[in-house]
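Okay, structure first, notes after.
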2 protein chains.
Amino acid sequence: MRADAQRNAEKLRTAAAELFHERGLQAPLKEIARRAGVSHGTLYNLFGTREALIDEVVTDLAAARLGEVAEQALAHEDAWGGFAYYIETLCELQATDPAISDVVAGRYPDAERLMAVCERSHTAAARIIERAQQAGTLRPDFTHEDLLFIFGTNALVARAAKDTAPDAWRRGVAFMLDGLRSEAAHPLPTGPLTSRQLYQVMGNLTGTP
Amino acid sequence: MRADAQRNAEKLRTAAAELFHERGLQAPLKEIARRAGVSHGTLYNLFGTREALIDEVVTDLAAARLGEVAEQALAHEDAWGGFAYYIETLCELQATDPAISDVVAGRYPDAERLMAVCERSHTAAARIIERAQQAGTLRPDFTHEDLLFIFGTNALVARAAKDTAPDAWRRGVAFMLDGLRSEAAHPLPTGPLTSRQLYQVMGNLTGTP
DNA sequence: ATTCAACTTGACCCTGGGGTCAAGTTTCGT
DNA sequence: ACGAAACTTGACCCCAGGGTCAAGTTGAAT
């Protein structure tokens, strides 16, 4: 790769990181190129697809953030505390960083590294759920898919309320969390989604193709 | 108004009602005209704006549906039962009729008759909430705005899951409802939205201009 | 039957997103 | 310092949605 191309790629990575952070992973590619001071043709030359760019720009950040949250959640002595921490902190992360929000809620099958990160994050989440259920504080009919669903809706809520009431998501999450304790549980009307279904629904929810 | 214009208006109303029902109130106006077998220019001539069309086509249906649900909810002997019925039934309505879903979740300030219907619906909802709170079964920190917020998110969830898992919304609502009982309540992290804030957030949430 | 206002039409414009590629420019090895 | 390969550019194409309006058509009053 020629030196100038290297430089442009770097400028594009920077601009993309900024715009993804500000506006989420659907930020227009042309605008990213504009901010980088480069033609959009160059963006297509150097990265080819949006997902390739995402994979380069967002993956490491996401891995760090998600890993840290999961770790801290498992570090809680109290299983319910860890579970609640996990949900609250991830939702907070979604509210403050649209890019991360989209990673958690979206579908980017062609971003390989990113998918691996999600994979890891999912198994961590499963552990957090299981621990709280074994402690008897989290209702036993709650599933991993329900958790992701929560993040999916929170992504939208947080984005919609960002400028008007940046903390609006907290109330919804708090109500929800109160409904997830074992003591609060009443029988559910429907079984959980399959992961296949979840995948599709999350896609529609966040407008990921 | 000339007879042919009358006929066209009728065809357009019918087509609009169908498409709004199938796809929600953002259905492309050109497609409505196409389905009516009429030029889109005619649609603009006869109705002017999307909201005018909505107001003519959706208001009566919405009034009937919303009115009935509220009435039945208040007819419940049990205040909590009435509250839960109201939420569940309205959410179900959202899941089965995208047009109603958008009415409940959206913003259409220029559709005067529709706004009046919403107004009425809101005061009914307030009564349902208050009754359940006075009975001591609904947590006292729950507000009208929280309720509308629930409908706002449910609109998105129901739409996203429609084709994949038409009942997916039920689980989320059930968790939520379990969190709204007085026994489940833990202190909330934030105060409620003002109605002004809610208005803006709902607008962003549903993409209503 | 004529006439003219009322109405309809579809070509046209705009916006904003995605994407391509021939022609021009720059880097780098020799 | 030169030439080939690598790279960049921006004009161009696509699509889908909103919206306008001059020209043509039709209804109905006289």
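Okay, here's what the table says:
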{"read-out": "Enumeration of residues in region A:171-185 that are over 25 Å from the mean Cα position of the chain (by Cα) and surrounded by 15 or more Cβ atoms within 10 Å (Cβ to Cβ)", "value": "A:Ser182, A:Ala184, A:Ala185"}
{"read-out": "Identity of the residue in region B:1-30, within 10 Å of DNA strand C (Cβ to nearest atom) and assigned to a loop (DSSP other than H, G, I, E, B), that ends up modelled with the lowest pLDDT", "value": "B:Met1"}
{"read-out": "Matching residues, region B:157-167, being under 27 Å from B:Gln133 (Cβ atoms) and facing chain A (nearest Cβ under 7 Å)", "value": "B:Val157"}
{"read-out": "B:Glu112 being over 22 Å from B:Ile150 (Cα atoms), out of contact with any strand residue (DSSP E or B) (no Cβ under 7 Å at 6 or more places or on another chain) and away from DNA strand D (no atom under 16 Å from the Cβ)", "value": "yes"}
{"read-out": "Given (1) assigned to a loop (DSSP other than H, G, I, E, B); (2) among the hydrophobic types (A, V, I, L, M, F, W, C); (3) at pLDDT 95 or above, index of the condition B:Phe83 fails", "value": "(1)"}
{"read-out": "Pairs with Cβ under 7 Å, 6+ apart, first in region B:31-57 and without any contact (Cβ under 8 Å) to a residue 40 or more places away in the chain, second within 8 Å of DNA strand C (Cβ to nearest atom) and among the hydroxyl-bearing types (Ser, Thr, Tyr)", "value": "B:Ala33/B:Ser39; B:Ala33/B:Thr42"}
{"read-out": "Condition met for B:Ala33 (in the same structural domain as B:Ile128 (by TED's automatic domain parsing), within 16 Å of DNA strand D (Cβ to nearest atom), on the phi < 0 side of the Ramachandran plot and not in a loop (DSSP other than H, G, I, E, B))", "value": "no"}
{"read-out": "Criterion (away from DNA strand D (no atom under 16 Å from the Cβ), within 19 Å of the chain's Cα centre (by Cα) and under 27 Å from B:Ser121 (Cβ atoms)) met by exactly one of B:Glu71, B:Glu51, B:Glu22, B:Glu77", "value": "B:Glu71"}
{"read-out": "Meets criteria (within 16 Å of DNA strand C (Cβ to nearest atom), more than 14 Å from chain B (Cβ to nearest Cβ) and part of a helix (DSSP H, G or I)) for A:Thr59", "value": "no"}
{"read-out": "Flag if A:Ala95 is buried (at least 18 other Cβ atoms within 10 Å of the Cβ), within 14 Å of chain B (Cβ to nearest Cβ), more than 14 Å from DNA strand D (Cβ to nearest atom) and of a type in the set (Gly, Ala, Ser)", "value": "yes"}
{"read-out": "Yes/no for B:Gly82 being within 16 Å of DNA strand C (Cβ to nearest atom) and over 16 Å from the mean Cα position of the chain (by Cα)", "value": "no"}
{"read-out": "Top-ranked residue of region B:1-57 - restricted to ones that are among the aromatic types (Phe, Trp, Tyr) and crowded, with 21+ Cβ neighbours inside 10 Å, ranked as farthest from B:Ala105 (Cα to Cα)", "value": "B:Phe47"}
{"read-out": "In region A:186-197, the residues that are surrounded by fewer than 16 Cβ atoms within 10 Å (Cβ to Cβ) and farther than 16 Å from A:Ala126 by Cβ", "value": "A:His186, A:Pro187, A:Pro189, A:Thr190, A:Gly191, A:Arg196, A:Gln197"}
{"read-out": "Conditions (1) without any contact (Cβ under 8 Å) to a residue 24 or more places away in the chain; (2) not in a helix (DSSP H, G or I); (3) not aromatic (Phe, Trp, Tyr); number of the one not met by B:Ala126", "value": "(2)"}
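Here is a yes/no grid of residues against (1) surrounded by 19 or more Cβ atoms within 10 Å (Cβ to Cβ); (2) within 13 Å of chain A (Cβ to nearest Cβ); (3) closer than 20 Å to B:Ala63 by Cβ:
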site: B:Ser101; (1), (2), (3): yes, no, yes
site: B:Gly106; (1), (2), (3): yes, yes, yes
site: B:Trp169; (1), (2), (3): yes, yes, no
site: B:Tyr199; (1), (2), (3): no, yes, no
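The values are calculated or read from the model by the stated rules, or taken from the named source; none is laboratory data. Note that the coordinates shown come from a computational prediction; the quantities given were computed from them, not determined experimentally. Methodologically, a virtual Cβ is constructed for each residue, glycine included, from the backbone with ideal geometry; neighbour enumeration extends over all protein chains shown.
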